[in-house]
Amino acid sequence: MDLFENMQPNKLEIVKDAYLLKRYALANEKPLLMDLAQVISQAPLRHMMTKMGFAMSAAMTNCGELGWVSDRQGYRYDMKDPATNAAWPLMPVSFQQLATFAAAEAGFDDFVPDACLINQYQVGASMGLHQDKNELDFNQPIVSVSLGVPAVFQFGGLTRTDKTLKIPLVHGDVVVWGGQSRLNFHGIAPLKMNTHPILGAYRYNLTFRKAG
Ligand code: MD3
Ligand code: FE
């Protein structure tokens, strides 16, 4: 008799259809961090403007066929980096595989992302509660990968005023959001001062989507 047959200590269901895979990205950490540096060197991080004309507190860039952009026109996905008018960097194989395998681990088969948004947070940076609604097909899950210094993720419901769960996310944690959780409000609390041995004073988040 196998006492451990039902144990999956590193896979936690936060709410229905949202799975936290603790430290899942560490299995392939080195290629992932090399590829992250390569993408950022090709398409530098920048603070995009909101429609209201404020700079976002997280710096952003993208890789993949489509990139998420924000400016005075609003939010959308675009095939080109507005800073250079060039295509976004290709999505590295280490990124694609991580996203597809993590989605499958959470029960979402055949996830093939066409967009990876990279958010960089420094001390004090945050992301207010919002919904992700710029994608065409809400049946597709979203996979997010946390790297660097820890953050507190805020997970609410389908209306802005629903109470939020506070979930600490550390280096290597992967969360898969699909089905019933796909349109929930979410955000990131202001980053506390901290240092990660490899990534320094920053938190990076990779968000994989099938946007188009
Ligand atoms: C829950 N980024 O870029 S990732 C974003 O850590 C964004 O940078 C945060 O929210 C970050 O839009 C959170 C986690 C996440 C992403 C998408 C979701 C959680 C989600 C979509 C639906 C529900
Ligand atoms: Fe979001």
**Study point:** Distance in nm between pseudo-label sites at Q97 and F54 (7 Å out along the Cβ direction from Cα)
**Key:** 4.1
Study note, to complete from the structure: Per the rule of 0.36 nm per residue minus the C-alpha distance, extending R76 to V170 adds in nm 31.0 nm
Revision key, fill the gap. Taking chymotrypsin sites (Phe, Trp or Tyr not before Pro) as exposed when in a DSSP loop with at most 11 other Cβ atoms inside 10 Å, the chain has its longest clean stretch at 55-212
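Keeping all protein chains in place, calculate the accessible area per residue for the chain (probe 1.4 angstrom), answer in Å².
Dividing the accessible area of the chain by its residue count gives 52 Å².
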Review point. Got a number for carbon plus sulfur as a percent of the chain's accessible area, 1.4 Å probe?
Key: 57
Review point. What size of dipole, in debye to the nearest 20, comes out for the chain about its Cα centre when the only charges are +1 on Lys and Arg C-beta atoms and -1 on Asp and Glu C-beta atoms?
Key: 840
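Of the listed pairs K30/K163; K16/K133; K80/K166, which have alpha-carbon separations greater than 29 Å here?
Pairs exceeding the cut-off: K30/K163; K80/K166.
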Review point. Normalised by the residues of the chain, what does the relative contact order come to in percent, with Cα pairs under 8 Å and at least six apart?
Key: 24
Revision key, fill the gap. Once phi for every residue in the range 89-100 is put through the Karplus expression 6.51 cos²θ - 1.76 cosθ + 1.60 (θ = phi - 60°), the whole-Hz ³J(HN,Hα) values, with Gly and Pro written as x, are x, 4, 6, x, 4, 4, 5, 4, 5, 4, 5, 5
Point to revise | Rounded to the nearest 10 Å², the accessible area of H47 at probe 1.4 Å | key: 100
Review point. For labels at N134 and A201 in the simple 7 Å Cα→Cβ model, what's the distance in nm?
Key: 2.8
Point to revise | Added length on full extension, which subtracts the Cα-Cα distance from 0.36 nm per residue, A87 to L183 | key: 31.7 nm
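The values are calculated or read from the model by the stated rules, or taken from the named source; none is laboratory data. Keep in mind the model is a prediction, meaning the values are calculated, not measured. Quick reminder, even Gly has a Cβ in these numbers, built from the backbone with ideal geometry, and neighbours come from all protein chains shown. Accessible surface is based on the protein model in full, side chains and every heavy atom, while ligands, DNA and RNA are left aside. Shrake-Rupley method; radii C 1.70, N 1.55, O 1.52, S 1.80 Å.
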